[in-house]
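Right, one structure below, let's go through it.
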Amino acid sequence: MTAPAKKIRPLVVGNWKMNGMGAHLRELRRLNTGLSKHKFGCDVAVCVPATLVHRLSTMKFGAKIMTGGQDCHGAQKGAHTGDVSAQMLKDAGAKWVIVGHSERRTEVKRGGHGETSKLVREKVLAAQMAGLRSIVCVGEMLTERKSGDTLKVVGAQLRQSLPDTCNAPDIVIAYEPVWAIGSGLTPSVEQIGAVHAHIRKALTRRFGDAGAAFRVLYGGSVNPSNAAELMAIANVNGALVGGASLKAADFSRIIGAYRR
Ligand code: 13P
């Protein structure tokens, strides 16, 4: 039986992907100003390109927008040209790092990096060692959804990507169906509810009562119009937002789903 979800403080995360120059950080200043006017029952983080992590982390935000990176290497340091370690992100001021995003899991010939769940697990461990919190992404492709394999695929990614030493404050799961990312398509409320219930069950089975405390985010075409409906689904504890996190006006309306 799935343990009843305890009071979980939701988390809304922006993922800027490969977008944003220094000047774009003014959007976050605007976001901060907007957020300071109201009370919200959620945490907020923005995962910016590695080039902006330090600058974002040194901006003074009363509304507490936390800084995150978008990926890290599984090793602490070494001969890995162009890569960034979890320790480096931490040193630059990050509190969070996204790992296992589908845009990195995708095969190289399709523009991704071919990352496996085993590699994602190494990255989670590296983040833990560096004192960074990880947002671990899982999600099925459209072909897998159509063949009825969604729960199997998501379950396997979850099992293989998470180390045994997981605890709820430091690890957040993000369910992002690959076909919903940047497409304007979202699964139905029932479909999202079914996957999130499956993830919750898998977490409680593996981690006992602690499994009920993990935040499980939904990501994929979240926008100001659908945020309230999606965030109200059982076991959805926040959102991972791509395109709509680039503009303060849109992102603050999404965070507004948790306005008190
Ligand atoms: P969109 O919100 O642009 O669909 O992107 C979702 C995503 O990939 C966030 O990590």
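What follows is calculated from the coordinates using simple rules that are stated; it is not laboratory data. Just so it is clear, the structure is predicted and the values come from calculations on it, not from any experiment. Cβ placement follows ideal geometry from the backbone for every residue including glycine, while neighbour counts extend to all protein chains displayed.
A straight Cα-to-Cα reach below 19 Å connects Lys201 with the lysines Lys6, Lys7, Lys152, residues fewer than 8 places away in its own chain not being considered.
Each of Gly112, Gly139, Gly69 was scored by the projection of its Cα onto the charge dipole of region 55-199, and the greatest displacement toward the positive side belongs to Gly69; charges sit on the C-beta of Lys, Arg, Asp and Glu. Residue order for Thr58, Thr67, Thr186, fewest other beta carbons within 10 angstrom first, comes to Thr58, Thr186, Thr67.
Computed over the chain, the per-residue total of -39500 (n - 2.57) for DSSP H runs of n ≥ 4 gives a 222 nm mean residue ellipticity of -10000 deg cm²/dmol, rounded to 500.
By DSSP, the beta bridges lying fully in the chain are antiparallel in about 5 percent of cases.
Computed 3J(HN,Hα) for region 230-239, one whole-Hz value per residue from the Karplus formula 6.51 cos²θ - 1.76 cosθ + 1.60 where θ = phi - 60°, is 5, 6, 8, 5, 4, 6, 9, 10, x, 9, glycine and proline marked x. Extending 7 Å from the Cα toward the beta-carbon at both Glu229 and Ser188 defines two label points whose distance is 1.2 nm. Less than 5 angstrom separates the built amide H of Val84 from those of His73, all sequence-distant by 5 or more or on a different chain. Fully extending the segment from Ala75 to Lys146, taken as 0.36 nm per residue of separation minus the present Cα-Cα distance, adds 21.9 nm. Protection proxy ranking of 96-106, 23-33, by the mean of other Cβ atoms within 10 Å over each peptide's residues and highest first, is 96-106, 23-33.
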